[in-house]
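Written out below as structure tokens is the structure these notes cover.
The values are calculated or read from the model by the stated rules, or taken from the named source; none is laboratory data. Since we're looking at a predicted model, the values are computed, not measured. We place every Cβ from the backbone using ideal geometry, glycine too, and count neighbours over all the protein chains shown. Note: areas computed on protein heavy atoms with side chains; ligands, DNA, RNA excluded. Shrake-Rupley method; radii C 1.70, N 1.55, O 1.52, S 1.80 Å.
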Amino acid sequence: MINHTKTIHSGFTLLEVLVAVLVLSFGLLGVAGLLLATVQNNTIASQRTTATFLAQDMADRIRQNINATKPYDANNNPQTVHYLNSAGVYRNCYGTGPAGPCSTPQGVAERDLFLWRQQIAASLPGGSGVVCKDLMQDDGSNANAATNGCDNDQFSPWVIKIFWVVRGEDAITTNATPPNVQRFSMMLGGT
């Protein structure tokens, strides 16, 4: 007599394995997306920290050369306000002697703006900066006079604005304004 007993096989079928692989792959894609978003947010936070330090550096430079921010000199004669974006030439002057080009408030202001703009360009992708007088300090898209948002009204407060993009390749576009402009501004007291 032949014994016909059923054998019970245990284990996974191919379909169950495929479903498990599919669920695992969706989970890994979610983790990868979260990791990518975290890296991008950390990059933006690091750039904002850099912009904060650069703006504070310029604010300290302006406070040390306060005479270059006043519309009148000590004798009440009108003078050019040298830290404004529209003041003209920015150059790296040398020589701090009594007759050196850096000895005047104008020379110091030109040197400060020159060095500051070099630091911004070297520290932030597509970075530029402007010092101006503006009531709406959190506007503008770059240091171009046409798009920096500065009103330069004599009664407006001093503002330091720094513009950059998150990634360097975003700065190279066919449009006049990059699509992902980041902006940091700091308002200063004084005249």
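For residue 48, state whether it is under 27 Å from residue 157 (Cβ atoms), among the basic types (Lys, Arg) and at pLDDT 90 or above. Spelling it out, residue 48 is indeed under 27 Å from residue 157 (Cβ atoms), among the basic types (Lys, Arg) and at pLDDT 90 or above.
The requirement of being among the acidic types (Asp, Glu) and either modelled with pLDDT of 70 or more or open to solvent by 60 Å² or more (accessible area, probe 1.4 Å) (or both) is fulfilled somewhere in the stretch 96-115, by at least one residue. Just one of the listed residues (92, 85, 3) is in contact with a strand residue (DSSP E or B) (Cβ under 6 Å, 6 or more places away or on another chain) and modelled with pLDDT under 90, namely 85. Is it true that some residue in the stretch 118-137 is without any contact (Cβ under 8 Å) to a residue 40 or more places away in the chain, among the polar types (S, T, N, Q) and touching a strand residue (DSSP E or B) at 6+ places or on another chain (Cβ under 9 Å)? Looking through the stretch 118-137, at least one residue is without any contact (Cβ under 8 Å) to a residue 40 or more places away in the chain, among the polar types (S, T, N, Q) and touching a strand residue (DSSP E or B) at 6+ places or on another chain (Cβ under 9 Å). The residues in the stretch 39-68 that are part of a helix (DSSP H, G or I), more than 20 Å from residue 138 (Cα to Cα) and of a type outside the set (A, V, I, L, M) can be counted, and the count is 9. Look at the stretch 12-36: where a residue is modelled with pLDDT under 90 and a partner is in a helix (DSSP H, G or I), sitting 6+ places away or on another chain with Cβ atoms under 9 Å, you get 12/20.
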